[in-house]
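Please read the structure below before turning to the comments.
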Amino acid sequence: GEAQAFFNAQLTRSLLFPLESYLAETLDIEQINFIFDQNGQPAIEIRKLFTPTIYGIYRSTVKLPVTQSFGVAYLLRDTTSLEFLQTQSPAGVSTATIDLSFTFR
């Protein structure tokens with residue numbers, strides 16, 4: 001299961017990366033990512049750099065009913081960030097999450 005998920009992620013990344021890069025450059029946004037949210041729904045994530053260490057984040061599922069998230073990410077180091085997201089579900093339930101992310105290169 002995990003190997004298949006990894007393979008799907010790598011395949012999706014290699015196919016969508018040129019499109020994501022083109023859109024980000026055209027719209028003057030640092031990152032546009034086509035992702036799957038925590039419920040496995042396809043979503044789009046947009047990140048805009050406001051300062052050298054702070055990104056604004058917007059996420060939205062692409063299927064109805066739409067779930068949206070807004071937040072900020074603070075870059076602690078090149079490979080570490082602290083993210084705060086507030087999510088509004090279609091039912092009107094609002095949740096907040098704090099994530100500490102590490103990127104391994």
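The values are calculated or read from the model by the stated rules, or taken from the named source; none is laboratory data. Remember, it's a predicted structure, so these values are computed and weren't measured experimentally. Don't worry about glycine lacking a Cβ; one is built from the backbone with ideal geometry, like all the others, and counts go over all protein chains shown. Ligands, DNA and RNA are stripped out before the accessible areas are found, and what is left, the full protein with its side chains, is counted by its heavy atoms. Shrake-Rupley method; radii C 1.70, N 1.55, O 1.52, S 1.80 Å.
Just one of the numbered conditions (1) part of a strand (DSSP E or B); (2) free of Cβ contacts under 8 Å to residues at least 12 places away in the same chain is not true of residue 40: (1). Exactly one residue out of 19, 76 is hydrophobic (A, V, I, L, M, F, W, C), modelled with pLDDT of 85 or more and either open to solvent by less than 80 Å² (accessible area, probe 1.4 Å) or out of contact with any Phe, Trp or Tyr (no Cβ under 6 Å at 6 or more places or on another chain) (or both), and it is 76. The residue of the range 39-60 that is surrounded by the most Cβ atoms within 10 Å (Cβ to Cβ), among those that are under 11 Å from the mean Cα position of the chain (by Cα) and closer than 18 Å to residue 92 by Cα, is 59. Taking the numbered list (1) at pLDDT below 90; (2) open to solvent by less than 70 Å² (accessible area, probe 1.4 Å) in turn, residue 85 passes all entries but (1).
With respect to residue 34, is the statement that it is under 25 Å from residue 104 (Cα atoms), open to solvent by 90 Å² or more (accessible area, probe 1.4 Å) and not aliphatic (A, V, I, L, M) true? No: the conditions fail for residue 34.
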